[in-house]
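The values are calculated or read from the model by the stated rules, or taken from the named source; none is laboratory data. Values in this document were obtained by computation on a predicted structure and should not be read as measured data. A quick note on method: Cβ atoms are made from the backbone with ideal geometry, for glycine too, and the neighbour counts reach across all protein chains shown.
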Amino acid sequence: HLHAALNDYPARHLRVIGVTGTDGKTTTTRLVTAILRQAGYPTGSIDSVGAIIGDQEQFTGFHTTTPDAPEVQHYLAEMVRAGMEYAVIESTSHGLAQHRVSACEFDVATVTNITHEHLDYHGSFESYRDAKAMLFRHLSASARKNGAPKVAVLNADDAGSYEYLQTIPADEQISYGLDHPATVAARDIRVSPAGLHFVVVTPEGEFALDSPLVGRYNVYNILAAVSVARSQGIAPEVIRSAVASVHGVPGRAERIDRGQPYTVIVDFAHTPNSLENALQMARELATGKVTVVFGCAGLRDRAKRPLMGEIAGRLADRVIVTAEDPRTESLDEIMEQVVAGCRQAGCAEGEKFWRIGDRAEAIAAALKMAEPGDLVLVTGKGHERSMCFGTVEHPWSDHEAIEAALRDLGYS
């Protein structure tokens with residue numbers, strides 16, 4: 001609140017939309033921003049990749065999380081000075097628990113899902129969920145702006161959040177989903193390498209949407225964004241045009257094509273749920289075998305390591321376990337905890353899974369194994385530009401490592 005006061009409470013001069021959840025926050029934030037801009041509203045955004053104000057994007061940090069309170073309020077003040085009318089803020093559990101987004105005066109709170117993540121910090125799933133719920137509790141404590149209702153957007157299919165968040169007061173609750181009754185739903189979903197096509201079903205009517213985003217899980221992200229747009233009175237034709245224009249977020253289901261006869265995708269998936277979604281997407285897109293390269297971060301949720309190993313062993317044809325920010329933990333011990341899950345899935349080392357601690361070597365090995373029609377999925381780092389060993393951040397890019405390995409194989 002002090003930093004908000006020092007910046008003349010900038011959020012009181014903006015309509016503020018918050019997006020939280022375990023997976024899909026950044027994509028949903030970008031979709032909402034695109035829709036608002038398409039509708040003619042000058043809109044700024046803050047997410048785990050960057051802060052976008054007008055035509056300028058500023059990098060928000062090495063590792064994905066909500067910026068600190070002084071930065072958040074500074075960005076909001078910049079938005080007010082630039083004439084923005086809306087701000088869309090990705091709100092992580094750490095950012096909420098540490099009050100980095102307090103005094104953001106939210107008007108709309110949106111959740112993607114709440115699944116297994118960050119238990120190292122929060123201690124239990126219940127505490128993690130409570131941190132996410134703070135976004136929705138902020139609604140009733142936030143300033144009223146010209147009579148605008150306080151709106152909660154909930155995922156009716158998410159067992160981890162729906163019933164719990166329903167109990168938190170809001171002027172209006174909008175639900176979205178595919179499998180349970182919801183305010184905003186979808187039917188006739190078609191998934192292809194070119195993207196998604198489906199029909200959005202709302203109380204006001206139905207309309208078709210096409211999106212270049214791949215993977216069935218992105219239907220949920222789009223429905224969340226559509227629900228926010230509906231709460232702001234935005235017309236279907238505007239939503240349709242905006243959704244079609246969003247080609248993805250750096251490091252989220254991002255293809256790298258240098259003429260190789262197989263598909264290579266970089267994805268930020270670093271939770272059990274997101275890894276499962278990414279591998280299911282890979283299965284839908286590949287005509288041959290699926291190879292996944294991933295690791296688990298040190299000093300983070302240890303319980304997820306064997307879970308992710310089991311998911312990889314079950315859904316991929318080949319698994320290469322490698323480094324992902326081991327920090328001060330032993331990389332060998334982290335990998336052993338991951339491959340315990342691979343073994344649980346019935347996989348044998350040297351036949352279906354391998355341990356290669358050097359991430360560049362792991363990526364190169366996966367690409368050398370690939371044959372025409374295969375898909376290589378590299379997950380966990382996404383857009384991040386560093387990797388932490390010990391207490392030192394070293395420059396790193398999955399994109400650059402993949403491109404270097406492809407060049408060595410003759411693709412450029």
- Message: Just to be sure I understand the filter: pairs with C-beta atoms under 7 Å, separated by 6 or more residues or on different chains, first member in the range 344-362 and at negative phi and in the same structural domain as CYS388 (by TED's automatic domain parsing), second member assigned to a loop (DSSP other than H, G, I, E, B) and modelled with pLDDT of 95 or more. Which pairs pass?
- Response: PHE353/CYS347; ILE356/THR322; GLY357/THR322; GLY357/ALA323; ARG359/THR322; ARG359/ALA323; ALA362/THR322; ALA362/ILE356
- Query: How many residues does the range 198-232 contain that are in a strand (DSSP E or B), crowded, with 16+ Cβ neighbours inside 10 Å, in contact with a Lys or Arg (Cβ under 9 Å, 6 or more places away or on another chain) and not aliphatic (A, V, I, L, M)?
  - Reply: 2
- For GLU400, state whether it is modelled with pLDDT under 95 and within 25 Å of the chain's Cα centre (by Cα). no
- Message: I'd like to verify a number: residues in the range 324-347 that are part of a loop (DSSP other than H, G, I, E, B) and closer than 22 Å to LEU375 by Cβ, how many?
- Response: 4
- Task: Take GLY18 and decide whether it is closer than 30 Å to GLU324 by Cα, without any contact (Cβ under 8 Å) to a residue 24 or more places away in the chain and of a type in the set (Gly, Ala, Ser).
- Result: no
- Applying the selection to the range 156-197, what residues are of a type outside the set (Gly, Ala, Ser) and assigned to a strand (DSSP E or B)? GLU172, GLN173, ILE174, TYR176, VAL184, ARG187, ASP188, ILE189, ARG190, VAL191, LEU196, HIS197
- Would you confirm whether any residue within the range 298-310 is over 19 Å from GLY373 (Cβ atoms), among the aliphatic types (A, V, I, L, M) and free of Cβ contacts under 8 Å to residues at least 40 places away in the same chain? yes
- surrounded by fewer than 24 Cβ atoms within 10 Å (Cβ to Cβ), more than 21 Å from the chain's Cα centre (by Cα) and either of a type in the set (Ser, Thr, Tyr) or within 16 Å of LEU96 (Cβ to Cβ) (or both): does that describe ALA4? yes
- Among residues of the range 154-211, those that are of a type in the set (D, E, K, R) and in contact with an Asp or Glu (Cβ under 9 Å, 6 or more places away or on another chain), counted: 3
- Message: Suppose we filter ALA170, ALA159 for residues that are aliphatic (A, V, I, L, M), farther than 27 Å from LEU375 by Cβ and modelled with pLDDT under 95; which single one remains?
- Response: ALA159
- Message: Which count do you get for residues in the range 174-213 that are modelled with pLDDT under 95 and charged (D, E, K, R)?
- Response: 0
- Looking only at the range 265-289, which residues are farther than 19 Å from VAL191 by Cβ and of a type in the set (A, V, I, L, M, F, W, C)? VAL266, PHE268
- Item | Within the range 323-343, considering residues that are polar (S, T, N, Q) and in contact (Cβ under 8 Å) with a residue 40 or more places away in the chain, the one nearest to ALA303 (Cα to Cα) | GLN337
